[in-house]
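Following: one structure in structure tokens, then a few remarks.
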């Protein structure tokens, strides 16, 4: 085999033998979280991707920078403890009563309209823990609507970014 053909074959293998995840298309969504006017410390909020079997698949964002309080987000903490992932790039400040927070989430396009949902789990020091403060079906329709919360979150609203 000539050197030219070997070079072409090596380039082809290196180009097309990448992991499938490299080619996953994503969409970015801006998410606005409006909190209720509760009294107390800032809420720690975790936004997770939940699959059709109601199992945690991925952490999208963590609001609350102090790791010692993560155990108060009980269900997410179990998931994070089993499959630890470095979340330093997806953490931000906690959110206090009456405030709002705007963040951008990157979601695999294939997960939209495929039975997934986004779970907003909340905890406030010395107050009630809400495993499902908000759950948003990961559908085109739900991502264009306002979804009300049941605990510290008044509502969440998404828009394409």
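No value in this document is a laboratory result; all are computed from the given coordinates. As the structure is a prediction and not an experimental result, all values here were calculated from the model. Positions of Cβ are generated from backbone atoms using ideal geometry, with glycine treated the same way; all protein chains shown enter the neighbour counts.
Details
- log₁₀ of I(q)/I(0) at q = 0.20, 0.30 Å⁻¹ - the range 68-126, Debye sum with one point per alpha carbon: -1.11, -1.36
- Candidates 111, 30, 68: whichever shows maximal mean-square fluctuation once the chain is modelled as a Gaussian network with Cα springs under 10 Å: 68
- By other beta-carbon atoms within 10 Å, ranking 76, 69 with the fewest at the front produces 69, 76.
- Approximating the spin labels as points 7 Å out from Cα along Cα→Cβ, the residue 36-to-residue 102 distance works out to 2.5 nm.
- Convex hull volume of the range 36-106 per residue (C-alpha atoms, cubic angstrom): 106
- Computed from Cα positions, the angle between helix 3-16 and the longest principal axis of the chain comes to roughly 20 degrees.
- Highest-MSF residue in the chain out of 89, 142, 123 [GNM, Cα springs under 10 Å]: 89
- Candidates 140, 96, 26: whichever shows maximal mean-square fluctuation once the chain is modelled as a Gaussian network with Cα springs under 10 Å: 140
- Alpha carbon Rg of the chain, scaled by the compact-globule rule 2.2 N^0.38 Å: 1.28
- With N counted as the residues of the range 107-156, its alpha-carbon radius of gyration over 2.2 N^0.38 Å works out to 1.27.
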